[in-house]
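The values are calculated or read from the model by the stated rules, or taken from the named source; none is laboratory data. The shown structure was predicted, so the numbers you read here are calculated from the model rather than taken from an experiment. Glycine also receives a Cβ, built like all others from the backbone with ideal geometry; neighbour counts cover every protein chain displayed. Accessible surface is based on the protein model in full, side chains and every heavy atom, while ligands, DNA and RNA are left aside. Shrake-Rupley method; radii C 1.70, N 1.55, O 1.52, S 1.80 Å.
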Amino acid sequence: MPQLIFILIVAPIVIRLLMAMYYPDKLKEQEGRKARQFLEQFGRIYQDPLVDKVGRRLLAAGLDGLEETKARFFVLDTPLINAVALPNGDVFIWRGLLGEVNQDEDELAAVIGHELGHVVNEHFLRSIYW
């Protein structure tokens, strides 16, 4: 019985921790794909020219630790007011939040910049370590 508990509960945690320590890029991609599949349940995912423009402008300004080609910007077609950055660099802005910023590029830049900060500071990996 203890072996079964180890296999079902402890082993997956240890494997994720080891991946985070030795293969962080692979883990980020894997978890990013899983999170995107999860988000797709809540609404259609599409790209918005304004979100992409503001995101690219922030990347061009230079963020240490984030390659310009790694970050992608999307809108999740749901009325909720939220945004999220996935470990692989994908940033999702909910349509409800996009409506709240009302095409104001500075407000949108603040939201996207905040989410990019999570990616740059690898908050996802830190949560695994804890």
Relative contact order in percent for the chain (Cα pairs under 8 Å, 6+ apart) equals 24
Here the gain from full extension of Arg72 to Ala110, 0.36 nm per residue of separation minus their alpha-carbon distance, amounts to 12.1 nm
Only helices counted: for the chain, with every DSSP H run of 4 or more residues adding -39500 (n - 2.57) and the sum spread over all residues, [θ] at 222 nm is -17000 deg cm²/dmol
Mean separation of Cα contacts under 8 Å (at least 6 apart) over the residue count of the range 54-124, i.e. the relative contact order in percent, is 33
Scattering profile of the range 1-64 from the Debye formula, Cα beads only, expressed as log10 I(q)/I(0) at q = 0.17, 0.22, 0.24 Å⁻¹, is -0.87, -1.01, -1.02
With +1 at each Lys and Arg Cβ and -1 at each Asp and Glu Cβ, the charge dipole magnitude of the chain around its Cα centre, to the nearest 20 debye, comes out at 580
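Which order do the peptides 89-102, 110-123 come out in when sorted by mean C-beta neighbours inside 10 angstrom, highest first?
89-102, 110-123
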Regression test value, accessible area per residue of the range 7-118, probe 1.4 Å, units Å², expected 59
The lysines whose Cα lies under 21 Å from the Cα of Lys26, excluding any fewer than 8 residues away in the same chain, are Lys34, Lys70
The Cα radius of gyration of the chain, divided by 2.2 N^0.38 Å with N its residue count, comes to 1.20
Expected unfolding gain across Met21-Leu80 under the 0.36 nm per residue rule, minus the alpha-carbon gap, is 17.8 nm
For Lys70, the residues 5 or more places away or on another chain with a placed amide H closer than 5 Å to its own amide H are none
quick note, the chain, DSSP beta bridge pairs, % antiparallel (nearest 5) is 50
Once phi for every residue in the range 70-81 is put through the Karplus expression 6.51 cos²θ - 1.76 cosθ + 1.60 (θ = phi - 60°), the whole-Hz ³J(HN,Hα) values, with Gly and Pro written as x, are 7, 7, 10, 10, 9, 10, 9, 6, 8, x, 5, 9
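Excluding Phe92 itself, calculate the net charge of residues whose Cβ lies under 9 Å from the Cβ of Phe92, where each Lys or Arg counts +1 and each Asp or Glu counts -1.
Here the charged neighbours net out to -1.
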